[in-house]
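Peer 1: I'd like to ask you about the structure that follows.
No value in this document is a laboratory result; all are computed from the given coordinates. Predicted model, so just to flag it, every value in this text is computed and none were measured. Glycine gets a Cβ as well: all are built from the backbone with ideal geometry, and neighbour counts include every protein chain shown.
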Ligand code: SF4
């Protein structure tokens, strides 16, 4: 059986995640262990790899009970209250907030009046942005939640950096429609360039393959957006977290397969998925998969 498996060249960590992981690894070279506030990346395989090197994920409550230590802040950023805890507890922060997120936090802090944030409620980046607005922010997750907005007052709207640009435009249009003074809506273009560019390229990638294997952690907000995009353009798209979730029923003879992932998916995981698929599909002879493979692959 002829096997065609291609990895999307644009998939893999974004600059913000690369920077945070590189900084963590540099510091782990000097320290036996290092704390990170929240998962440094929404990918369990990568987290396991870093955990073996001494990276420990803690939450804010655990941070509040620590003192005289070092904590890394991941690319998503944190609200001002986290910096206050660090000061109070004599905790040194290694601040890996992505420069794009930092700029967005600053913009929100400098903007007056009613602020609307299009993003996922409870997501770390969104919590950080809400914290900068000091109680003036309303978070809207989708166009159906815009009733929370006061349409009689001017609105400044910002998007979480990893949201879908098309959905953001829809939310803005729906708010504008409800406002008596249409000019009182100011839309801030805050979707990360790296993410926005990926949308059109990924749509084309999904359309040009028979099957899409999308590798991403379930917790990844960006992963959900990009996987939904793949499914929209190719119904034979499947989201996996590990190789054991791959089902041979997904494939047909002669399929060309595309492997891609979120901004939190490491390249090494995409490569190992592609390698696995090549071996799996080579074992497909006369309509059956033969167990010519080993290790993780033995279920086939
Ligand atoms: S998606 Fe963009 S803004 Fe968000 S961490 Fe990555 S590079 Fe930074």
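Peer 1: Which whole-number percentage describes the relative contact order of the chain, with Cα contacts under 8 Å and a sequence gap of 6 or more? Numbers along the way, then the final one.
Peer 2: On the way: 524 pairs, mean separation 64.7, N = 300.
That works out to 22 percent.
Peer 1: Measuring from label point to label point, each 7 Å out along Cα→Cβ, what is the residue 177 to residue 200 span in nm?
Peer 2: Placing both labels 7 Å beyond Cα along the Cβ direction yields 2.6 nm.
Peer 1: If contacts are Cα pairs under 8 angstrom and at least 6 residues apart, what is the relative contact order of the range 15-97 in percent? If you can, show how the numbers build up before the last one.
Peer 2: Working: 115 pairs, mean separation 27.8, N = 83.
Relative contact order comes out at 33 percent.
Peer 1: When the label point is put 7 Å from the Cα of residue 233 along its Cα-to-beta-carbon vector, which residues of the range 128-166 have a backbone N closer than 20 Å?
Peer 2: 162-166
Peer 1: For the range 88-231, report the translational diffusion coefficient in µm²/s to the nearest whole number, using Stokes-Einstein at 25 °C, 0.890 mPa s, and a Kirkwood Rh over Cα pairs. Show your work: numbers first, answer last.
Peer 2: Values: Rh = 16.5 Å.
Calculated translational D: 149 µm²/s.
Peer 1: May I pose another question? Across the Cα atoms of the range 242-281, what radius of gyration and what greatest pairwise Cα-Cα distance (Dmax) are found, in Å?
Peer 2: When restricted to Cα atoms, the range 242-281 yields Rg and Dmax of 10.6, 31 Å.
Peer 1: In whole percent, what relative contact order does the range 164-238 give with Cα contacts below 8 Å and a gap of six or more residues?
Peer 2: Values: 45 pairs, mean separation 22.1, N = 75.
Relative contact order for the range 164-238 comes out at 30 percent.
Peer 1: Which FRET efficiency value, to the nearest 0.05, do you get for residue 145 and residue 249 by plugging their Cβ-Cβ distance into 1/(1 + (r/R0)^6) with R0 = 35 Å? Write down the numbers at each step before the final one.
Peer 2: Working: r = 37 Å, r/R0 = 1.06.
That pair, residue 145 with residue 249, gives E of 0.40.
Peer 1: Mind running the shape call on the chain? Use the C-alpha gyration tensor, a ≥ b ≥ c as the square roots of the eigenvalues: rounded below 1.5 for a/c, prolate if a/b tops b/c, oblate otherwise. Display every interim value, and only then the final one.
Peer 2: Working: a/c = 2.95, a/b = 1.35, b/c = 2.19.
Since a/c reaches 1.5 but b/c is at least a/b, the shape of the chain is classed as oblate.
Peer 1: D for the range 15-97, whole µm²/s, Stokes-Einstein with Kirkwood Rh over alpha-carbon pairs at 10 °C and 1.306 mPa s: what number? Present the calculation step by step, with values, prior to reporting the outcome.
Peer 2: On the way: Rh = 12.7 Å.
In µm²/s, the coefficient rounds to 125.
Peer 1: Let me ask something additional. Ranked highest first by the average count of other Cβ atoms within 10 Å around their residues, in what order do 251-261, 148-158 fall?
Peer 2: Values: 251-261: 19.9, 148-158: 16.7.
Answer by packing, highest mean first, reads 251-261, 148-158.
Peer 1: Give me the Kirkwood hydrodynamic radius of the range 135-210, using the inverse of the mean 1/r over all pairs of distinct Cα atoms, in Å to one decimal. Let's see the in-between values first.
Peer 2: Working: mean 1/r = 0.0725 Å⁻¹.
Evaluated over the range 135-210, this radius sits at 13.8 Å.
Peer 1: Considering only DSSP beta bridges whose two residues both sit in the chain, what percent are antiparallel, to the nearest 5? Write out the running numbers ahead of the final one.
Peer 2: Working: 2 of 38 bridges.
Antiparallel bridges make up about 5 percent of those DSSP assigns within the chain.
Peer 1: Please order 85, 115, 7 by the number of other Cβ within 10 Å, starting at the fewest.
Peer 2: Details: 85 17, 115 24, 7 20.
Going from sparsest to densest Cβ surroundings: 85, 7, 115.
Peer 1: Let me ask something additional. Calculate the FRET efficiency for residue 256 and residue 102 from the Cβ-Cβ distance with a Förster distance of 41 Å, rounded to the nearest 0.05. It would help to have the intermediate numbers written out before the result.
Peer 2: On the way: r = 41 Å, r/R0 = 1.00.
That pair, residue 256 with residue 102, gives E of 0.50.
Peer 1: Sticking with this one: Students often check this: by mean Cβ neighbours within 10 Å, which of 122-130, 163-171 ranks highest, and how do the rest follow?
Peer 2: On the way: 122-130: 21.1, 163-171: 17.2.
So the peptides 122-130, 163-171, ranked by packing, come out 122-130, 163-171.
Peer 1: Still on this model: What is the ratio of the Cα radius of gyration of the range 9-168 to 2.2 N^0.38 Å, where N is its residue count, to two decimals? Don't jump to the answer; show the numbers that get you there.
Peer 2: Values: Rg = 17.0 Å, N = 160, 2.2 N^0.38 = 15.1 Å.
Working it through for the range 9-168, the quotient is 1.12.
Peer 1: Follow-up question, since we're still on this one. Applying 1/(1 + (r/R0)^6) with R0 = 51 Å to the Cβ-Cβ distance of residue 94 and residue 6, what FRET efficiency is obtained, to the nearest 0.05?
Peer 2: That pair, residue 94 with residue 6, gives E of 0.85.
Peer 1: Which angle from 0 to 90°, rounded to the nearest 10, does the C-alpha axis of helix 221-233 make with the longest principal axis of the chain?
Peer 2: Roughly 50 degrees between the two axes.
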